[in-house]
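Worksheet: the structure to be examined is printed underneath.
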Amino acid sequence: MRNSKKTKVLNGVCVILVLLSGVVRYCLQNMEGFTYNMLICTLFTAAALIWISQLQRRIIQPEIRRNLIAVAVFVILWMMLRTIKYIFTAHNSLGERLCWYFYYFPQTFILLPMFFSVLYIGRPTDQPISRLWRLLYIPAAVIVLAIVTNDLHHLAFRFPGGVVSSEDNYSHGIFYFASMAWVLLLFVAMIAVSVRRCAVYGNRKKIWMPLMPLALGALCFASYFIWGDNGILALFMVPEIICFVYCSFMEGLILAGLLPSNDSYNDLWNASSIGAGVMDQNGSIRYSAAQKNTVTPAQIRAAEEGEVLLQDGSVALRSHAIHGGFGFWTKDISEINRLHRALKELGDVIAEENAMLDAENTLAEERVRIEQQNRLCDSIARSVQPQLDRISTLLAAPPQEEAAFEQMMKYACILNTYVKRCSNLLLLFHQKGQIESNELHLAITESLEYLRLYGVQAHAEVSGDAMLGGEAILLAYALFEETLEAALPDMDALFVRLRIDDGRLTLQMELNAPSSFLPEKTLQAEIHAQHGTLTIETEEQTEYICLILPMGGAAK
């Protein structure tokens, strides 16, 4: 996804503020009494605050957003410590030395939210990283504590001339090298994870974006070893360079598409294959997928009440009121229309065959039979029409990847099972009025078989057997199917208990991690008409559903 103009402008402003801090140091550092360090701190703080506003606008995942904001806060803290050291403490005093030691608090801890953000690369949005990674706070705290208490043991910095000489004459100890190893280790880990999890080919070509700031930082430090303070360090001090490199590295991950953002939102609609869009209250279409179907504001508003047919009835337009306007989408129903015609033709064929077999019956009886058969076919078609629609939609645009195609076909089998079993139950109901509860057991069992094939752990327990009213059987199976379709594709486990006792049918379902919870009003009118009850309870990612219906039949 391309980066928006606003993002480019604000990123440019941040870079200009950082470069301006170097100009300030070069031009004003020799002016007596001028606190240019305060001005540099202000420039870096302004750049960090602008970046924070960018993160809040662009970063989708809350965990990543919080981590990156923490990075910006550490940058501000580091610049403040540096400013306090150079302005508010006396040279070679205890306060100056403590500010210097405390540099290593942001320098050490800033890497942890950066590393945690990198761990989210390539992970599903609903799958958090392991809590065990938080154990990294322990070595970070040990390093910082050891450096802050250096005056007690001198294992981070040693002062041959005594602490009075402070930064003018010192050598490094083991804890200093430990802090440098910490930085190097985490940065190598971040680069390795970024490259390893960069699964999208288009993003692999942009992997240079986060690596470029690291190369720039390496050049800055190389200039120090070549020219000393007369090189780049004449403009920028080490903490400033490190802060810029850290933030630029994370911004590079965002620009490369490794950390998801919602920048250039309109491009998502242009790339989408679904015929959808958003219209504001004034009738202006703000977002719309590239499509051949041209819709008008009047058609969108009318589609909120019911389907509006376009292109000679081959395309259905629907809309829904949202905050600030309407969301609308189109659906190709040409295949559904073809199935409608096929079902109608099938009904005609059945009527003709019955007429030939029952030629001895009177004309009146023949007309009654034909009407009954037509009503039955229409009833079956209406009952399973949503599932037929979904099957048609899946088959109309199958995915190219083999794994996705296989998963789609498994889902189509689940829908087809309901079509077959519901049709069978409707036939039994129209023939006898009552249905054995074992038929509902068989229907649920077959659906669970295909659900297990889909990858969901599914199990059912059945107790009791009775001849039940057909309405109760059909209603229970319809609720079962509504639950499945709402829970897929994310559901990973389903437990079903069907119990026939005490003059009632009880269907209990327990679902783990459903895609969406079943709405409370699902089939409420039908359930109330049967004098039944439906209760739905949720607990974190688990949903409990219980349907109780009077049997309306005789126990066996």
Quickly rank 114-126, 520-532 as a protection proxy: mean count of other C-beta atoms within 10 Å, highest first. 114-126, 520-532
For the residue pair Ser515 and Trp133, what label-to-label distance in nm results when each label sits 7 Å from Cα along the Cα-to-beta-carbon direction? 2.7
Label-point gap, in nm, between Arg158 and Lys6 - each point 7 angstrom along Cα→Cβ: 5.6
Order of 8-17, 100-109, 327-336 by packing, highest average Cβ count within 10 Å first? 100-109, 327-336, 8-17
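If the chain between Asp501 and Arg66 were fully stretched, how many nm would it gain, using 0.36 nm times the residue separation less the Cα-Cα distance? Working shown, then result.
Values: separation 435, 0.36 × 435 = 156.60 nm, distance 5.34 nm.
Full extension from Asp501 to Arg66 adds 151.3 nm.
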Roughly what would the spin-label model give for Val13 and Tyr26, points 7 Å off Cα along C-beta, in nm? 2.4
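Just the number, please: carbon plus sulfur as a percent of the accessible area of the range 396-501, 1.4 Å probe, no ligands or DNA/RNA counted.
In the range 396-501, the share of accessible area belonging to carbon and sulfur is 51 percent.
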Can you list the HN-Hα couplings for the range 460-470, worked out from phi with the Karplus curve (6.51, -1.76, 1.60; θ = phi - 60°), rounded to whole Hz and with x for Gly and Pro? 9, 10, 10, 9, x, 8, 7, 8, 10, x, x
Estimated vicinal HN-Hα couplings, Hz - the range 236-252 in sequence order (Karplus 6.51, -1.76, 1.60; Gly, Pro = x): 10, 8, 4, x, 5, 5, 5, 4, 5, 5, 4, 5, 5, 4, 5, 5, x
Sorted by packing (mean other beta-carbon atoms within 10 Å per residue), highest first, where do 145-156, 506-517 land? 506-517, 145-156
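Which FRET efficiency, nearest 0.05, do Arg301 and Ala404 yield, Cβ-Cβ r, R0 22 Å?
Details: r = 36 Å, r/R0 = 1.63.
So, using R0 = 22 Å, E works out to roughly 0.05.
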Length gained when the stretch Asn416-Leu98 is fully extended (0.36 nm per residue, less Cα-Cα span): 107.3 nm
With just the Cα atoms defining each centre, how far is the range 491-513 from the range 60-126? Give it in Å. 52
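For the range 379-429, what is the relative contact order in percent, using Cα pairs closer than 8 Å and at least 6 residues apart in sequence?
55
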How much length, in nm to one decimal, is gained on full extension between Ala525 and Leu357, taken as 0.36 nm per residue of separation minus their Cα-Cα distance? 56.4 nm
Applying 1/(1 + (r/R0)^6) with R0 = 41 Å to the Cβ-Cβ distance of Glu540 and Leu185, what FRET efficiency is obtained, to the nearest 0.05? 0.70
Solvent-accessible area per residue for the range 435-542 (1.4 angstrom probe, square angstrom): 46
To the nearest 0.05, the calculated FRET efficiency linking Met212 and Glu449 through their beta-carbon distance, R0 being 45 Å, is 0.25
If contacts are Cα pairs under 8 angstrom and at least 6 residues apart, what is the relative contact order of the range 466-546 in percent? 29
Accessible area per residue for the range 5-75 in Å², computed with a 1.4 Å probe and the full protein assembly in place, what is it? 51
Would you check the accessible area of Cys247, probe 1.4 Å, heavy atoms only, in square angstrom rounded to 10? 30
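The values are calculated or read from the model by the stated rules, or taken from the named source; none is laboratory data. Here the structure is a predicted model, which is why all the values come from computation and not from measurement. Neighbour counts run over all protein chains shown; Cβ positions are idealised from the backbone, glycine included. Surface areas here come from the heavy atoms of the whole protein model, side chains and all, with no ligands, DNA or RNA. Shrake-Rupley method; radii C 1.70, N 1.55, O 1.52, S 1.80 Å.
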